[in-house]
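Accompanying notes for the structure given below.
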Amino acid sequence: GSCFSIRVPKGSIQNIEKPTHNQDPNLAGIRVLCIDNEQRILLGMQSLLEQWGCHVVTATDLGQALSFWNLNQAPQFILADYHLDHETGLDVIQALRLHWQTTIPAIVISADNSDDVRQTVHDTNCLFMAKPVAPAALRNILRRQHQT
């Protein structure tokens, strides 16, 4: 048996700023509400969107969305999983649109890629993305929607 050691000089604590090299000037500052019943997915989406410069709030259902969204303005975009625990993402989107009295652009994300789900999403004036979501595709949709 060999034994190895490494000696490193003691450092000091510094404020470390988040790198901004991934920020997208087209998405910086937009307000996005993400709704999913899986916490790990919410954390991943939040991390991805914040890298692009978005202001992100996450929630697992309608109740959390309304209580966690503490801004005076409606979100500029909603990302919602189709299958939540006690409601669908479409139900939440429609309730939030009614609450803020505006048609907030939204993407419904689902592993169910059936024609029925796609048609239901389309009928409620939402976009559909199949799981797993490709970050580049999501970024392009957000850019296009934000520019209109």
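A few points about this structure:
- Residues in the range 62-69 include none that are in contact with a helix residue (DSSP H, G or I) (Cβ under 9 Å, 6 or more places away or on another chain) and not hydrophobic (A, V, I, L, M, F, W, C).
- Within the range 70-83, the residues that satisfy the criterion of being touching a helix residue (DSSP H, G or I) at 6+ places or on another chain (Cβ under 7 Å) and under 15 Å from Asp36 (Cα atoms) are Phe77, Ile78, Leu79, Ala80, Asp81, Tyr82.
- The number of residues in the range 94-113 being open to solvent by 40 Å² or more (accessible area, probe 1.4 Å) and without any contact (Cβ under 8 Å) to a residue 40 or more places away in the chain comes to 10.
- When the residues of the range 121-148 are filtered to those that are of a type in the set (D, E, K, R) and at pLDDT 95 or above, the one that is least open to solvent (accessible area, probe 1.4 Å) is Arg139.
- Candidates in the range 37-61 are the residues that are touching a residue at least 24 places away in the same chain (Cβ under 8 Å) and within 14 Å of Asp81 (Cα to Cα); of these, the one that is least open to solvent (accessible area, probe 1.4 Å) is Ala59.
- Selection status of Cys34, over 14 Å from the mean Cα position of the chain (by Cα), crowded, with 18+ Cβ neighbours inside 10 Å and closer than 18 Å to Arg139 by Cα: no
- Counting the residues of the range 114-148 that are aliphatic (A, V, I, L, M) and touching a residue at least 24 places away in the same chain (Cβ under 8 Å) gives 6.
- Verdict on Asp85 being among the charged types (D, E, K, R), in contact (Cβ under 8 Å) with a residue 40 or more places away in the chain and more than 20 Å from Pro25 (Cα to Cα): yes
- Checking each residue in the range 67-82 for being surrounded by fewer than 16 Cβ atoms within 10 Å (Cβ to Cβ), free of Cβ contacts under 8 Å to residues at least 40 places away in the same chain and hydrophobic (A, V, I, L, M, F, W, C) picks out only Phe68.
- Condition met for Asp91 (among the charged types (D, E, K, R), free of Cβ contacts under 8 Å to residues at least 12 places away in the same chain and open to solvent by 20 Å² or more (accessible area, probe 1.4 Å)): no
The values are calculated or read from the model by the stated rules, or taken from the named source; none is laboratory data. Please read these numbers as outputs of a predicted model, since none were measured by experiment. Quick reminder, even Gly has a Cβ in these numbers, built from the backbone with ideal geometry, and neighbours come from all protein chains shown. Surface accessibility is based on the protein's heavy atoms, side chains included, excluding ligands, DNA and RNA. Shrake-Rupley method; radii C 1.70, N 1.55, O 1.52, S 1.80 Å.
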